[in-house]
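Chemist: Mind looking over this structure? Questions follow.
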Amino acid sequence: MDADDLYGLPLDSFVAERGKLAKELKAVGDRDRAAEVTALRKPSVAAWAVNQLVRTQPKPIAGLFKAGDTLRKAQEKVLAGRGDAGDLRAGVEREREAVSGLVEKARGLLNSDGHELSQAVLDRVSDTLHAAALDGQARAQVRAGTLVGELRHAGLGMAGGFAATPSP
């Protein structure tokens, strides 16, 4: 098992499997890598849900990224005075639909207690997906499927200043 594979496991298996992997690495003499694995943080429930979506829903995730790109381009055109407000509205709607579809898929995931994800967790999943659609750094983090915490898009609307920040 690779360290990145830990983030695809059921949430309640993360700590035990992390310890097992670190122990295996120590046994073969790779103490540095074992220390790196031991230092890996268990994801929050919302980050875990996003990791599961990335690993199990590649087409909808790709659709989210495409919708985000389309929205960003439409906004750039409007800001440059060459765009159409209708295109911008359509881009916003496509991005929202992509996020909404993925949140619905996340709704079917169960937490480590076997319960459906709460609305608060689903809201944080939504925030993270919006950030991934609109921000290149957030997208790279989400695409890796190894998030440990939620992300939130920070900025004034979408104009300039794209920055994904960990959600409080």
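Chemist: Quick check: anything in region 148-167 surrounded by 15 or more Cβ atoms within 10 Å (Cβ to Cβ), at pLDDT 95 or above, part of a loop (DSSP other than H, G, I, E, B) and among the acidic types (D, E)?
Modeler: Within region 148-167, one or more residues are surrounded by 15 or more Cβ atoms within 10 Å (Cβ to Cβ), at pLDDT 95 or above, part of a loop (DSSP other than H, G, I, E, B) and among the acidic types (D, E).
Chemist: Then there is this: Can you tell me which residue within region 31-55, out of those that are of a type outside the set (S, T, N, Q) and not in a helix (DSSP H, G or I), is most open to solvent (accessible area, probe 1.4 Å)?
Modeler: Result: R41.
Chemist: Further question on the same structure: Within region 56-68, which residues are open to solvent by less than 60 Å² (accessible area, probe 1.4 Å) and free of Cβ contacts under 8 Å to residues at least 12 places away in the same chain?
Modeler: Within region 56-68, A62 is the sole residue that qualifies.
Chemist: Here are some conditions: (1) more than 20 Å from V15 (Cα to Cα); (2) touching a strand residue (DSSP E or B) at 6+ places or on another chain (Cβ under 6 Å). G149 meets all but one. Which one does it not meet?
Modeler: Every listed condition holds for G149 apart from (1).
Chemist: Restricting to region 1-30, and then to whatever is touching a helix residue (DSSP H, G or I) at 6+ places or on another chain (Cβ under 7 Å), part of a helix (DSSP H, G or I) and open to solvent by 40 Å² or more (accessible area, probe 1.4 Å), can you tell me which residue is farthest from V50 (Cα to Cα)?
Modeler: Per the criteria, the residue is K26.
Chemist: Oh, and also: Would you mention how many residues in region 78-97 are assigned to a helix (DSSP H, G or I) and either in contact (Cβ under 8 Å) with a residue 24 or more places away in the chain or surrounded by 14 or more Cβ atoms within 10 Å (Cβ to Cβ) (or both)?
Modeler: Residues that pass the stated criteria total 11.
The values are calculated or read from the model by the stated rules, or taken from the named source; none is laboratory data. This one's a predicted model, so the numbers in the text were calculated from it and none came from an experiment. Note that we place each Cβ from the backbone using ideal geometry, even for glycine, and neighbour counts take in every protein chain shown. Please note that ligands, DNA and RNA were not included when accessible areas were found on the heavy atoms of the full protein model with its side chains. Shrake-Rupley method; radii C 1.70, N 1.55, O 1.52, S 1.80 Å.
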